[in-house]
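The values are calculated or read from the model by the stated rules, or taken from the named source; none is laboratory data. Keep in mind that what you see is a predicted model, and the values were worked out from it rather than measured. All Cβ positions, glycine included, derive from the backbone under ideal geometry; neighbour counts span all protein chains shown.
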Amino acid sequence: MAIKKFMYVNRKPPYGTVYALESLEVVLIGAAFDQDVSLAFIGDGVYQLTKGQNTEAIGQKNFSPVYSALGDYEVTKIYIEKESLEERGLTLDDLQHLVWEDEDEDYAEKDSIRLVSRAELADVMAEQEIILSF
Amino acid sequence: MSLLHTINKSPFESNTFDTCLGYALDGSTVLLIEDGVYAATTDTSAAEKIKNASSGVTFAVLGPDLQARGLEGKLADGIKVVDYEGFVNLVAENDSVQSWL
């Protein structure tokens with residue numbers, strides 16, 4: 001099977017609607033097909049990755065720990081739009097630190113998160129073959 | 001007459017928050033719930049609008065929704081945190097409820 005460049009674009013915050021969870025499930029299912037996968041978090045999508053989510057009192061499943069497993073599924077390119085973070089009074093420190101292990105370099109731990117400007121992300125998006133929007 | 005306004009949409013994604021502010025009279029309470037809680041976080045334009053709103057309007061946020069989103073530590077000044085019981089009390093204390101959608 002030919003490898004295609006897939007991008008999943010996440011623009012919704014978690015819990016208020018089901019988009020964020022559905023996107024994550026599709027990403028994990030898609031990961032089984034060995035494609036070239038990128039995730040983009042834009043707008044309120046950046047809220048999906050905040051640290052310290054605790055959903056006990058709202059009676060919903062906290063799916064935020066699942067993002068840290070993405071590296072094991074070889075999903076290693078996670079783009080965060082800088083302008084979106086700034087507009088929301090957030091910095092990378094407010095988000096989970098996501099890493100992957102590089103088999104080719106003796107399983108060295110590498111950052112999955114790439115903080116990019118809107119213009120840079122637009123270029124990455126333009127290179128994709130398949131874009132799925134949530 | 002006092003009104004309880006509830007907002008469940010992110011201020012970045014819809015104009016519900018801005019519209020509601022235009023309707024929040026003195027003596028009323030604006031309660032941020034679900035994705036509306038993002039308006040209660042520091043260093044955002046929404047928090048600035050809350051700061052500049054009339055002192056006669058009370059702003060509150062539903063704690064469980066803030067905790068779920070990992071933003072308890074980012075709560076802006078001047079916003080009261082209530083739990084579900086507090087939500088019920090607000091409904092009981094006010095004459096009616098406007099649930100902005």
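Run A:N54 past the list (1) in a loop (DSSP other than H, G, I, E, B); (2) in contact (Cβ under 8 Å) with a residue 12 or more places away in the chain and report the number of the one that doesn't hold.
The one condition A:N54 does not meet is (2).
For every residue, the table says whether it meets (1) touching a helix residue (DSSP H, G or I) at 6+ places or on another chain (Cβ under 8 Å); (2) more than 20 Å from B:T16 (Cβ to Cβ).
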position: B:V37; (1), (2): yes, no
position: B:A46; (1), (2): yes, no
position: B:S54; (1), (2): no, no
position: B:A60; (1), (2): yes, no
position: B:G63; (1), (2): yes, yes
position: B:V81; (1), (2): yes, yes
position: B:S96; (1), (2): no, no
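Would you call B:V61 away from every other protein chain (no Cβ under 12 Å) and in contact (Cβ under 8 Å) with a residue 60 or more places away in the chain?
Values: away from every other protein chain (no Cβ under 12 Å): yes; in contact (Cβ under 8 Å) with a residue 60 or more places away in the chain: no.
No, not satisfied.
Looking at (1) more than 14 Å from every other protein chain (Cβ to nearest Cβ); (2) free of Cβ contacts under 8 Å to residues at least 40 places away in the same chain; (3) more than 25 Å from A:Q60 (Cβ to Cβ), can you tell me which one B:D95 breaks?
The one condition B:D95 does not meet is (2).
Every residue in segment B:31-52 that is assigned to a helix (DSSP H, G or I), farther than 12 Å from B:I7 by Cα and either more than 9 Å from chain A (Cβ to nearest Cβ) or not hydroxyl-bearing (S, T, Y) (or both), please. Let's see the steps before the verdict.
Step one: list which residues in segment B:31-52 are assigned to a helix (DSSP H, G or I), which gives B:34-40, B:45-52.
Now narrow it down to the ones that are farther than 12 Å from B:I7 by Cα: B:45-52.
Residues satisfying the conditions are B:A46, B:A47, B:E48, B:K49, B:I50, B:K51, B:N52.
Return the pair list, or none, for Cβ contacts closer than 6 Å from residues in segment B:10-24 that are farther than 25 Å from A:Y19 by Cα to residues that are part of a loop (DSSP other than H, G, I, E, B), at least 6 apart or on different chains.
Short answer, once both residue conditions are applied: B:A24/B:V57.
Confirm whether B:Y38 is more than 24 Å from A:L85 (Cα to Cα), at pLDDT 95 or above and of a type outside the set (A, V, I, L, M). Steps first, answer last, please.
Values: more than 24 Å from A:L85 (Cα to Cα): no; at pLDDT 95 or above: yes; of a type outside the set (A, V, I, L, M): yes.
Against the criterion (more than 24 Å from A:L85 (Cα to Cα), at pLDDT 95 or above and of a type outside the set (A, V, I, L, M)), B:Y38 does not qualify.
Is one or more of the residues making up segment B:4-12 crowded, with 16+ Cβ neighbours inside 10 Å, at pLDDT 95 or above, more than 13 Å from chain A (Cβ to nearest Cβ) and in contact with a helix residue (DSSP H, G or I) (Cβ under 6 Å, 6 or more places away or on another chain)?
Yes, segment B:4-12 has at least one match.
Among the residues in segment B:13-29, are any charged (D, E, K, R), within 13 Å of chain A (Cβ to nearest Cβ) and assigned to a helix (DSSP H, G or I)?
Filtering segment B:13-29 down to residues charged (D, E, K, R) leaves B:13, B:18, B:26.
Within this subset, residues satisfying the condition of being within 13 Å of chain A (Cβ to nearest Cβ) are B:13.
Pick out the ones that are also assigned to a helix (DSSP H, G or I) and you get none.
Checked against the condition, which is being charged (D, E, K, R), within 13 Å of chain A (Cβ to nearest Cβ) and assigned to a helix (DSSP H, G or I), segment B:13-29 yields no hits at all.
Quick grid of which residues meet (1) touching a residue at least 12 places away in the same chain (Cβ under 8 Å); (2) closer than 26 Å to B:E48 by Cα; (3) exposed (fewer than 13 other Cβ atoms within 10 Å of the Cβ):
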residue: A:G45; (1), (2), (3): yes, yes, no
residue: A:I58; (1), (2), (3): yes, no, no
residue: A:V66; (1), (2), (3): yes, no, no
residue: A:I78; (1), (2), (3): yes, no, no
residue: A:H97; (1), (2), (3): yes, no, yes
residue: A:E109; (1), (2), (3): no, no, yes
residue: A:L121; (1), (2), (3): yes, no, no
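If the requirement is being part of a helix (DSSP H, G or I) and of a type outside the set (S, T, N, Q), which of these qualifies: B:G70, B:G56, B:G86?
Working: B:G70 fails: part of a helix (DSSP H, G or I); B:G56 fails: part of a helix (DSSP H, G or I).
The unique qualifying residue is B:G86.
Which pairs do you get when a residue that is among the charged types (D, E, K, R), found in segment A:27-40, comes within reach of a residue that is exposed (fewer than 14 other Cβ atoms within 10 Å of the Cβ) and modelled with pLDDT of 90 or more, reach meaning Cβ atoms under 6 angstrom, with the pair 6+ apart or on two chains?
Note: pairs meeting the criteria are A:D36/A:I3.
Output yes when any residue across segment A:73-83 is facing chain B (nearest Cβ under 9 Å) and either at negative phi or not in a helix (DSSP H, G or I) (or both), and no when none is. Write out each step before concluding.
Quick first cut of segment A:73-83, residues facing chain B (nearest Cβ under 9 Å) only: none.
No, segment A:73-83 contains no residue that is facing chain B (nearest Cβ under 9 Å) and either at negative phi or not in a helix (DSSP H, G or I) (or both).
Would segment A:9-23 turn up any residue that is touching a residue at least 40 places away in the same chain (Cβ under 8 Å), out of contact with any Ser or Thr (no Cβ under 7 Å at 6 or more places or on another chain) and part of a strand (DSSP E or B)?
No, segment A:9-23 has no match at all.
Determine whether segment A:118-126 contains at least one residue that is in a loop (DSSP other than H, G, I, E, B) and modelled with pLDDT of 95 or more.
Going residue by residue through segment A:118-126, those that are in a loop (DSSP other than H, G, I, E, B) are none.
Looking through segment A:118-126, none of the residues is in a loop (DSSP other than H, G, I, E, B) and modelled with pLDDT of 95 or more.
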